[in-house]
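A short reminder: the numbers here are calculations on the coordinates, not readings from a lab. Given the structure is predicted, the values throughout are model-derived calculations rather than measurements. Counting neighbours? That spans all protein chains shown, and the Cβs are built from the backbone with ideal geometry, glycine included.
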Amino acid sequence: MKDFLKAFEDIMYFERFADSEGFLQRINPLIKLVSFTAIILSSVTIRSIAPLTIPLIAVILLCRLSKIPLGYFVKRVTFFIPIFAGVIASPLLFVTSGTSLAQIGSEPFVLHLTMEGFQKAALFTFRIWICVATLNLLILTTKFSQILRAMNRLRVPKLFITMTATTYRFIFLFINEAYRMILAKESRTAKKESRLKSLRSLASMFATLFIRAYEKGERTYLAMLARDFNPGARSLNDNDLRIRDWLFLAASLVICMVTLSTDLLRLVGQ
């Protein structure tokens, strides 16, 4: 468990690449936020898999230009959410009518695996992967404080920005807290426990962690009130937009239009 927590923290920690001398690191955070949002919105409207290869190639190319290790990037974007999306989409394999590829079970309880169901499940999972990869490319190449300032310039509600900033800071706090709890338990364990006793200990630690999270949240809220915290306070803006920022925005919009046009042409051709 402690190895899992350390691996999870390593995958979640992303600002190590934000100071690199890569391509996306030199683009204004506001432009990156708008551009990647447009790519994500265009990707979720696609109704076939082939057009999604366009944003896929763009994401991989930007990953290389931004000096992010491709292996690390693929592991990060495939760690949890796309796998979970694949599990969620798995019923589509059997509930979608169409050409049967295989069957599971026997009469009267038979599940037919269809080609149309496989295509729908693959499209759903691929969409999620593209969206997660695009979002990760943004946060890997941009400091979190810069993302918050970009959201502020886009007039995102102050309450949402404050909640996002607090959640981000609390993630690492509680990962470290869980790691210390597991380490303390293992240091006090003289012999290997049974599986049932290990599960009980794990459940007890999670309950304790949730209680500590609640208490920490209450103390943080009271401290913010005591210091007259104002979520509407203005923050410093980033540098002015440059020609390369506008060119990157234009290129991103072109990618979106080409992706949508390709999908539309495929639908018309059918």
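Given points 7 Å out from each Cα along the Cα-Cβ axis, report the Ala207 to Leu135 separation in nanometres with one decimal.
A separation of 3.3 nm, rounded to one decimal place.
Cut-off 10 angstrom, C-alpha nodes, Gaussian network model of the chain. Which of Glu218, Glu193, Glu21 fluctuates the most?
Glu193
In square nanometres, what is the average projected area of the Cα convex hull of region 28-151?
Details: hull surface 36.0 nm².
Dividing the Cα hull surface by four gives the mean projection, 9.0 nm².
Take the chain, connect every pair of alpha-carbon atoms lying under 10 Å apart with a spring to form a Gaussian network, then pick out the residue of Gly117, Gly86, Gly98 with the largest mean-square fluctuation.
Evaluated over the chain, the most mobile residue of the options is Gly98.
Assuming 0.36 nm per residue, please report the length gained on full extension of the stretch Trp246 to Ile49 beyond their Cα-Cα distance.
Details: separation 197, 0.36 × 197 = 70.92 nm, distance 2.92 nm.
Working it through step by step, the gained length comes to 68.0 nm.
If you take the charge dipole of region 2-261 about its Cα centre, with +1 on Lys and Arg Cβ and -1 on Asp and Glu Cβ, which of Ser97, Ser145, Met257 is farthest toward its positive end?
Ser145
What are the extents of the Cα atoms of region 25-92 along their three principal axes, listed from largest to smallest and rounded to whole Å?
Extents along the principal axes, in whole Å: 43, 26, 21.
Could you tell me the center-to-center distance, by alpha carbons, between region 44-100 and region 155-180 in angstrom?
That distance is 27 Å.
Which residue fluctuates the most in the chain, going by a Gaussian network model with Cα springs under 10 Å, if the choices are Leu65, Leu123, Leu33?
With Cα springs under 10 Å in the chain, the top fluctuation among Leu65, Leu123, Leu33 is at Leu65.
Taking 0.36 nm per residue of sequence separation and subtracting the Cα-Cα distance, how much length would be gained by fully extending the chain between Leu61 and Val74, in nm to one decimal?
Taking Leu61 through Val74 to full extension adds about 3.4 nm, to one decimal.
Full extension from Ile81 to Leu264: what is 0.36 nm times the residue separation minus their Cα-Cα distance, to one decimal in nm?
63.1 nm
Let me know the number of lysine pairs in the chain closer than 16 Å at the Cα, not counting same-chain pairs under 8 apart.
Values: Lys2/Lys185; Lys2/Lys192; Lys6/Lys75; Lys32/Lys143; Lys67/Lys75; Lys67/Lys143; Lys185/Lys197.
So the count works out to 7.
Please report, in whole Å, how far the alpha carbons of the chain spread along each principal axis, starting with the longest.
Principal extents (largest minus smallest coordinate, Cα): 65, 63, 33 Å.
Using helices alone, what [θ] at 222 nm do you get for the chain, with -39,500 (n - 2.57) per DSSP H run of 4 or more residues, divided over all residues and rounded to the nearest 500?
Numbers: 11 runs with 186 residues, N = 270.
Computed mean residue ellipticity for the chain: -23000 deg cm²/dmol.
Counting other C-beta atoms within 10 Å, which of Trp246, Trp129 has the fewest, and how do the rest follow? Provide the component values of the computation, followed by the final result.
On the way: Trp246 12, Trp129 22.
Ranking Trp246, Trp129 by Cβ neighbours within 10 Å, fewest first, gives Trp246, Trp129.
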